[in-house]
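Peer 1: For reference, the structure I am asking about is given below.
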Amino acid sequence: CGAEPPPQEGSVAVVLRVRPPSPRERGAPTVLHVLNQHTVLLSAEEPGGTGGTGGTTPPARCPGRPRKNLQFEFDHVFDEKATQEEVFQHTTLPLLETLLAGYNCSVFAYGASGVGKTHTMMGSMTTPGIVHLATVELYKRLEAMKDKSCEVLVSYQQVYKERVYDLLEPQGPLNVWEKPGKGAVVQGLSFHQPTTPEQLLDMLAKGNKNRAQRPTKANASSSRSHAIFQIQVKLRDPTGGPAGGPRVAKLSFIDLAGSERAWDSTGRGEGLWEGTSINRSLLALKSVIRALAGAKGGQSHVPFRDSKLTLLLKDSLGGSCRTAVIAAVSAAAPAGRDTYSTLRFASRARRA
Ligand code: ADP
Ligand code: MG
């Protein structure tokens, strides 16, 4: 395990997950077609079509669906029949190897509200999501490594309106400092030391309850915050890590706020402002991921400082870190505009 080479510079894998139609979408035409395990086709908008807006009239500059059929390629495409286990196997399992070799890793769920980000990350009692599956696998591997002195540290924070909150010990917003050469330090953030997978999952469940909820037109219970669940592993295995010391690495799971535009939410007063600052973190993240995808083999400016989200994740993106982006979409016509926007971002994130 200690001989594992560092991941390729700027290693970003991007997969697409298409969720089954929601009860509201049943009977609506399908506009996104899964062609094979790597390719989808988004069908063209009929002349005069609106691209689907869920009742909101968007500004004219916002595109709906494309004017001609378009294909998009991904590292993997999961259709509506894909199980949580399959998504885990193709996205997170490879990262566990990298984590145990001492490198930071992150998994993002990206997409509009209601497309299955939280379902993929957290799942339910009957279909646990990738965080649950990763936890079980991680403890299995730690057990197999017989590194009895290994330490697991957990934190759970959220970025809401460009402020950082602790989800495990809720209190006011926390200050964030940038430590030269280290990344961000969140003052007062609580760290917890689970000794069993059950304890770790209890912490996750507790944090999930504390996530900020705010009704929007698109989805009455959609989450408007970015949630960052981090598992840090410290192995005291004498074979040593990349620098010869103990191997310490972090696995971050980020359940992003809905990527729909501000005008898709309540659109007035507080709702509009909130949408804008959510987009600030999302926009910065998109620039960072695009910069990393383009940085392979060359140096380019990566704008980590542009938002709280990217500052917090500075030590987990780029360099020798490994990243998986799970873009989630609906295939139904009423979601066409958001689907097109997600496909464009996700396919660009992958392009080197
Ligand atoms: P988001 O977090 O992106 O806003 P959710 O994960 O809350 O969306 O999903 C919205 C609804 O759709 C939930 O009721 C969820 O259970 C359901 N759902 C999403 N993806 C799937 C899927 N792949 N299979 C079955 N149900 C899903
Ligand atoms: Mg959600």
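The values are calculated or read from the model by the stated rules, or taken from the named source; none is laboratory data. The structure presented is a predicted model; accordingly, all values stated were derived computationally and were not measured. So basically every Cβ, Gly included, is an ideal-geometry build from the backbone, and we count neighbours across all protein chains shown.
Peer 1: So, in region 25-49, of the ones that are touching a residue at least 12 places away in the same chain (Cβ under 8 Å) and of a type in the set (D, E, K, R), which residue ends up surrounded by the most Cβ atoms within 10 Å (Cβ to Cβ)? Quick ask: steps written out before the conclusion?
Peer 2: Quick first cut of region 25-49, residues touching a residue at least 12 places away in the same chain (Cβ under 8 Å) only: 25, 28-45, 49.
Within this subset, residues satisfying the condition of being of a type in the set (D, E, K, R) are 25, 45.
Numbers: Glu25: 18, Glu45: 21.
Taking the candidates together, the pick is Glu45.
Peer 1: Looking at (1) modelled with pLDDT of 95 or more; (2) within 16 Å of ligand 1 (Cβ to nearest atom); (3) not hydrophobic (A, V, I, L, M, F, W, C), which one does Ser106 not meet, given that it meets all the others?
Peer 2: With respect to (1) modelled with pLDDT of 95 or more; (2) within 16 Å of ligand 1 (Cβ to nearest atom); (3) not hydrophobic (A, V, I, L, M, F, W, C), Ser106 is out only on (2).
Peer 1: Let me ask something else. Can Lys209 be described as surrounded by fewer than 20 Cβ atoms within 10 Å (Cβ to Cβ), farther than 18 Å from Arg247 by Cα, charged (D, E, K, R) and within 16 Å of ligand 1 (Cβ to nearest atom)?
Peer 2: For Lys209, the condition - surrounded by fewer than 20 Cβ atoms within 10 Å (Cβ to Cβ), farther than 18 Å from Arg247 by Cα, charged (D, E, K, R) and within 16 Å of ligand 1 (Cβ to nearest atom) - is met.
Peer 1: Tell me, which residue of region 113-129 that is among the hydrophobic types (A, V, I, L, M, F, W, C), more than 7 Å from ligand 1 (Cβ to nearest atom) and more than 11 Å from the chain's Cα centre (by Cα) is surrounded by the most Cβ atoms within 10 Å (Cβ to Cβ)?
Peer 2: Met122
Peer 1: What are the residues in region 67-124 that are within 27 Å of Glu45 (Cα to Cα) and touching an Asp or Glu at 6+ places or on another chain (Cβ under 8 Å), if any?
Peer 2: Arg67, Phe78, Ala109, Gly111, Ala112, Ser113, Val115, Lys117
Peer 1: Go through (1) more than 16 Å from ligand 1 (Cβ to nearest atom); (2) of a type in the set (Ser, Thr, Tyr); (3) at pLDDT below 95 one by one and return the number of the condition Thr135 breaks.
Peer 2: (3)
Peer 1: I'm checking my understanding of the structure. Among residues of region 130-152 that are over 17 Å from the mean Cα position of the chain (by Cα), assigned to a helix (DSSP H, G or I) and not aliphatic (A, V, I, L, M), which one is nearest to ligand 2 (Cβ to nearest atom)? Before you say what the answer is, go through the steps one by one.
Peer 2: As a first pass, look at region 130-152 and keep what is over 17 Å from the mean Cα position of the chain (by Cα): 136-152.
Adding the requirement that they be assigned to a helix (DSSP H, G or I) leaves 136-145.
In the following step, the residues that additionally are not aliphatic (A, V, I, L, M) were identified as 137, 139-141, 143.
On the way: Glu137: 23, Tyr139: 26, Lys140: 28, Arg141: 28, Glu143: 32 Å.
Result: Glu137.
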